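Written out below as structure tokens is the structure these notes cover.
The values are calculated or read from the model by the stated rules, or taken from the named source; none is laboratory data. This structure is a prediction, so every number in the text was calculated from the model and none was measured. Please note: Cβ atoms are built from the backbone with ideal geometry, for glycine as well, and neighbour counts cover all protein chains shown. SASA here: full protein model, heavy atoms, side chains in, ligands and nucleic acids out. Shrake-Rupley method; radii C 1.70, N 1.55, O 1.52, S 1.80 Å.
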Amino acid sequence: MKVLYLETSSKNCSVAISDDEKLLCLCEEVSENYKQSESLHTFVEWALEGAGISMKDIEAVSLGKGPGSYTGLRIGAASAKGFCYGLKVPLVAVNSLESMIEPFLDSNYEFIVPLIDARRMEVYTAVYDGNTGKEISGTEAKILDENSFEEFRNKKVIFVGDGAKKAQEILNLPGAEFREDIYPSAQYLIRKTLERLREKELEDIAYFEPFYLKDFHGVKKKKSEE
């Protein structure tokens, strides 16, 4: 089965295509300016060309559903829905934090903790078993302080993601490892996506919404403008 993967929840605009487990092509770029709106469809075209297939060959679409950038998630979700409607193929959604732990599974860590930078000292996070990838504590918005993650003081734990830098500065965990250069990537959606396809865990395309985790706080209009 040929699957198109979109991951737009972070500064990394990422597109991949697989044939079952085999990664055929990956196109991605990390940008401080969040370039999803201008880059996503170009990356899809490049990925198809690199994989040597056309859009009509795609049999499912997978989306990194967040949490993360509100605008990035909306762009990814709208594109994924459009592809699914146009191609009449199913939609699968995977927590973006799960894609961040994939490169570190079976690497001798007891726990893997992805940290997506949010406002000030806040991060989006969850805790996963370092061997099985099983979720140990669910996704949440967490405000970091010196006592955060104290339960991992004597554990082999790695914190990954662009929130790891501020975590390293404040957490009192001298034995922990930190990798701030890790972003959600479409290539690491493959395993979970194929599991969901096998189990028929599909999204309702009409009603699907990304996992925003928090409400978007935009500029309020004055009454005279409404």
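Observations, loosely collected:
- DSSP bridge pairs, the chain: antiparallel proportion in percent, nearest 5: 60 percent
- Other residues within the sphere of radius under 15 Å centred on the Cβ of A176, judged by their own Cβ, net out at -1 (K and R +1, D and E -1).
- Using only alpha carbons, the stretch 65-148 has a radius of gyration to Kirkwood radius ratio (Rg to Rh) of 1.06.
- Accessible area expressed per residue, the chain, with surrounding protein chains retained (probe 1.4 Å, Å²): 51 Å²
- A simple count of charges around I101, restricted to other residues whose Cβ falls under 12 Å of its Cβ and scoring Lys, Arg +1 and Asp, Glu -1, yields -1.
- When the listed pairs K35/K156; K81/K200; K11/K155; K35/K65; K88/K214 are checked against a 24 Å cut-off, the alpha-carbon distance exceeds it for K35/K156; K11/K155; K88/K214.
- The stretch 1-60: C-alpha gyration tensor shape, a/c 1.5 cut-off, then a/b vs b/c: prolate
- Max mean-square fluctuation residue, GNM over the chain, Cα-Cα springs under 10 Å, options K134, K56, K192: K56
- In the chain the longest region clear of chymotrypsin sites (Phe, Trp or Tyr not before Pro) that are loop-assigned by DSSP and have at most 13 other C-beta atoms within 10 Å covers 1-206.
- For the chain, built as a Gaussian network whose Cα springs stay under 10 Å, the top-fluctuating residue of V123, V89, V61: V89
- Counting only Cα atoms, the size of the chain along its three principal axes is 56, 52, 30 Å, in decreasing order.
- Cα-centred dipole magnitude for the chain, charges only on beta-carbon of K, R (+1) and D, E (-1), debye, nearest 20: 600 debye
- Accessible-area composition of the stretch 5-75, carbon plus sulfur, in percent [1.4 Å probe]: 43 percent
- Computed in the context of the full set of protein chains, the accessible area of the stretch 97-179 at 1.4 Å probe radius has 41% of its extent on carbon or sulfur.
- The residue list Y183, T132, I158 was ranked by how far each Cα lies along the charge dipole of the chain toward its positive end, using unit charges on Cβ atoms, and Y183 comes out on top.
- Per residue, the average separation of C-alpha pairs within less than 8 Å and at least 6 apart gives the stretch 97-179 a relative contact order of 30 percent.
- Shape of the stretch 59-99 from the C-alpha gyration tensor: oblate (a/c of 1.5 or more and a/b not above b/c, with a ≥ b ≥ c the square roots of its eigenvalues).
- Relative contact order computed over the chain (Cα-Cα under 8 Å; 6+ residues apart), in percent: 22 percent
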